[in-house]
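The values are calculated or read from the model by the stated rules, or taken from the named source; none is laboratory data. Keep in mind that this is a model prediction, so the values were computed, not measured. As a convention, Cβ positions derive from the backbone with ideal geometry for all residues, glycine included, and neighbour counts pool all protein chains shown. Just the protein is used for accessible areas: all its heavy atoms, side chains included, with ligands, DNA and RNA removed. Shrake-Rupley method; radii C 1.70, N 1.55, O 1.52, S 1.80 Å.
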Amino acid sequence: MSPPSIHYLFAYNSLQALGWAFALSRILSSFVITKSFHGAYASAGELICLLQTVAFLEVVHAAIGIVPSGVVNTLMQWGGRVHFLLVVVRQIDEVQELPSVFITFVAWSLTEVIRYPHYALNCIGNCPSWITYLRYTAFIMLYPTGLVPGEMWLMYQALEFIKKKHLHEDLFNGLPFSYYNFLKVLLLCYPFLGLKLYLHMFKQRRSKLGKHHKKKRI
């Protein structure tokens, strides 16, 4: 990898790490002060929307080959999060204070304050083994937590408001189904899509931690 690419990726991943750490601190501060799960979106929602929108660059990174990630899996994860944030949560005030937003945001933030420092430190060839271990282990609990009681449960709860408000009706004009019906079908597909990504992460874990153990033995 060329030095400009290394510097760029180090800067990008470092800024994302700082952004997610700040978001996590805002969410937890709100929880400690209010003793309530309801302030997660108010405290960090707009920042998380920004961070996740900018993360489209990771799809670009994979597409142009400056990182070894697969384009399809990266796009699936980015698209799922952006849909959840910008198309559902941001558009429906009634769901923004639900506990499932808190669960999702905490799971995402904890994941990213591990993932982005891991990427940044790998750019300069100085990543401690414990960060590598956390990167490929923490997801085992965090991913299903964010997915099921977080994203899926919130989208299910949002269905009544989507139907009542005819949300995104203009975008679905001329189609034989509404956004409400689209989301119901998406919720049926979500466990299968989530399982695909989850198994892919386990495959990465075996590969990365296996290589790490071999290096230690050598």
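Please grab the % of Cα pairs in the chain that end up more than 30 Å from each other. Kindly include the intermediate steps, with their values, before the conclusion.
Values: 6475 of 23653 pairs.
So the pairs more than 30 Å apart make up 27 percent of the total in the chain.
Measuring nothing but protein heavy atoms, the accessible surface of the chain at 1.4 Å probe radius is 68 percent carbon and sulfur. Couplings 3J(HN,Hα) of the range 177-185, computed from phi: 8, 9, 5, 4, 5, 4, 5, 4, 5 Hz, in residue order, whole Hz [Karplus 6.51 cos²θ - 1.76 cosθ + 1.60, θ = phi - 60°; x for Gly and Pro].
Could you calculate, for the range 68-127, the ratio of the Cα radius of gyration to the Kirkwood radius, expressed as Rg to Rh?
Result: Rg/Rh = 1.09.
Backbone phi angles across the range 108-123, fed through the Karplus curve with coefficients 6.51, -1.76 and 1.60 (θ = phi - 60°), yield HN-Hα couplings of 4, 5, 4, 4, 6, 6, 9, 5, 5, x, 4, 5, 4, 5, 5, 4 Hz in residue order; Gly and Pro are listed as x. Excluding ligands, DNA and RNA, the accessible surface per residue across the chain is 56 Å² with a 1.4 Å probe.
Rounded to the nearest 0.05, what FRET efficiency do His166 and Val82 give with R0 = 30 Å and r taken as the Cβ-Cβ distance? Could you check? Each step should come with its number before you reach the end.
Working: r = 22 Å, r/R0 = 0.73.
Here the calculated transfer efficiency is 0.85.
A simple spin-label model places pseudo-atoms 7 Å from Cα toward Cβ; at Ser129 and Gln204 they are separated by 2.2 nm. The 3J(HN,Hα) values that the Karplus relation (6.51, -1.76, 1.60; θ = phi - 60°) gives for the range 187-202 are, in residue order, 5, 5, 7, 4, x, 6, 5, x, 5, 4, 5, 5, 5, 4, 5, 5 Hz. Gly and Pro appear as x.
The amide H of Gln96, built 1.01 Å from its N in the peptide plane, has no neighbour under 5 Å, considering only residues 5 or more places off or on other chains. Compare Glu58, Glu151, Glu94 in a GNM of the chain, Cα atoms joined below 10 Å, and give the one with the largest fluctuation. Highest fluctuation of the listed residues: Glu94.
Average projected area of the Cα convex hull of the range 1-92, in nm²?
Working: hull surface 25.8 nm².
Across all orientations, the range 1-92 yields a mean hull projection of 6.4 nm².
When the alpha carbon gyration tensor of the range 61-168 is reduced to an equivalent ellipsoid, its three semi-axes come out at 31, 17, 10 angstrom, largest first.
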